[in-house]
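Okay, so here's the structure we're looking at.
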Amino acid sequence: MIFDTSDPNMLDSWLTIGPQTRLKGTSQANPYRTILLGAEVSAWIDQGENFVAQSNGKWLMLHTAYGYLWVCPSSKPAKPLFAFPEYAEAGRRVVDCDGIGVAVSGLRMIENFLDMAHFPYVHASYLGELPQTEVAPYKVSVDDEADEIWAIECKFYQPRTSKSATTGMEVQYRYRMMQPMTAILYKTAFPRPGEMDAIGLFVQPVTQESIIAYCLLAFFDDTTPQVDMISFQHTIFGQDKPILENQRPKRMPLRGMSEIPTRCDAASVAYRRWLVSKGVSYGAIVD
Ligand SMILES: [Fe+2]
């Protein structure tokens with residue numbers, strides 16, 4: 001066994017190994033090397049200009065989409081990679097924020113991404129502000145056809161929702177969970193309040209308890225310098241990182257749903273139920 005799991009939710013899905021730009025200037029003799037599911041993966045551009053990947057001498061199915069590299073560890077994908085139509089939508093600006101290493105389970109990372117209750121405490125003066133701590137009720141729905149979960153009609157007062165924001169505003173949120181370790185957040189675009197910016201969170205599970213979390217923006221923002229947009233996201237991620245790394249256990253307990261999320265966490269409850277229904281074990285405590 002090459003990878004350190006038998007969980008089909010990981011092996012038969014598309015997992016990112018980073019932005020496509022990693023392969024610039026690579027060759028078989030000088031590949032890009034990274035770790036996925038505990039195994040070393042090498043990827044490079046071959047002499048026919050094809051993007052290829054191997055692990056322990058075995059070829060892996062590699063797909064490029066949304067500026068990222070996606071590997072199917074078993075080379076038997078259960079379904080095609082999720083759709084991300086906003087990536088190519090006219091009027092949006094795509095900015096890759098690259099990845100940050102976090103010593104936590106990828107499932108914990110995604111759950112944190114869905115959690116609005118921590119905004120005023122962890123992201124004070126950016127995504128929330130005391131004493132406005134209440135998470136208003138919102139709806140959770142399951143898209144059976146795409147096998148995705150949505151949390152919709154979420155709203156939260158934010159002092160500074162993005163780099164381009166100059167005042168506080170009540171921001172509308174929508175969360176979409178496409179895979180156990182991949183989600184997209186849609187939130188009110190400050191320069192165009194009728195539209196929603198998209199933030200993709202693509203998690204590379206390095207091991208069960210360590211990840212690289214990549215962030216891709218598809219924003220309605222023609223003016224903010226790219227470096228400032230990236231640094232804003234890194235500030236937010238940097239605030240989450242120590243909180244995530246101090247969570248115990250590092251894996252998500254799914255056995256008997258032993259950690260009961262609070263009243264506000266409808267998205268978290270739905271996410272955990274979805275993981276349990278799929279039998280996700282990688283990055284989880286299930287027995
Ligand atoms: Fe956060």
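Given +1 on the Cβ of Lys and Arg, -1 on the Cβ of Asp and Glu, and no further charges, what dipole in debye does segment 84-169 carry about its Cα centre, rounded to the nearest 20?
Computed about the Cα centre, the dipole is about 580 debye.
Taking the Cβ of each residue in 161, 166 as the centre, tally the other Cβ atoms inside 10 Å and list the residues starting with the fewest.
Fewest to most other Cβ atoms nearby, the residues stand as 166, 161.
Given the DSSP H assignment, sum -39500 (n - 2.57) over each helix run of at least 4 residues in the chain and divide by its residue total; what's the result at 222 nm in deg cm²/dmol, nearest 500?
Result for the chain: -5000 deg cm²/dmol, rounded to the nearest 500.
Alpha carbon centre of segment 89-135 versus segment 147-213: separation in Å?
For segment 89-135 versus segment 147-213, the Cα centre distance is 7 Å.
With label points built 7 Å along Cα→Cβ from the Cα atoms of residue 287 and residue 12, find their separation and express it in nm.
Result for the modelled spin labels: 1.9 nm.
Taking θ = phi - 60°, what integer Hz values does the Karplus form 6.51 cos²θ - 1.76 cosθ + 1.60 yield along segment 244-249, in sequence order, with x for Gly and Pro?
Listing the rounded values in order: 5, 6, 9, 5, 10, x Hz.
For the chain, what is the per residue volume of the convex hull drawn over the alpha-carbon atoms, in cubic angstrom?
Looking at the chain, the number lands at 133 Å³ per residue.
For the chain, what is the relative contact order in percent, using Cα pairs closer than 8 Å and at least 6 residues apart in sequence?
Values: 586 pairs, mean separation 56.9, N = 287.
With pairs under 8 Å counted, the relative contact order is 20 percent.
Which percentage, to the nearest 5, of the DSSP beta bridges contained in segment 151-287 is antiparallel?
For segment 151-287, the DSSP antiparallel bridge percentage is about 95.
Return the sequence-ordered ³J(HN,Hα) values of segment 79-88 in whole Hz as given by the Karplus equation 6.51 cos²θ - 1.76 cosθ + 1.60 applied to θ = phi - 60°, using x for Gly and Pro.
Going residue by residue, I get 7, x, 4, 4, 7, 9, x, 5, 4, 10 Hz, with x marking Gly and Pro.
Can you list the lysines whose alpha carbon sits under 30 Å from that of residue 250, skipping same-chain ones fewer than 8 residues off?
Residue 250 reaches 76, 79, 139, 155, 187, 241, 278.
Find which of 95, 216, 32 sits farthest along the positive direction of the dipole of the chain, computed with +1 on the beta-carbon of Lys and Arg, -1 on that of Asp and Glu, about the Cα centre.
Result: 32.
So if R0 is 25 Å, what FRET efficiency would residue 141 and residue 79 give, r being the distance between their Cβ atoms, rounded to the nearest 0.05?
With R0 = 25 Å, the Cβ-Cβ based efficiency is 0.80.
Amide H of residue 41: which non-local residues (sequence gap of 5 or more, or other chain) have their own amide H closer than 5 Å, using H built in the peptide plane?
34, 35, 36
Only the coordinates and a few stated rules stand behind these numbers; no lab work does. Quick caveat, the model's predicted, so the values are computed rather than measured. All Cβ positions, glycine included, derive from the backbone under ideal geometry; neighbour counts span all protein chains shown.
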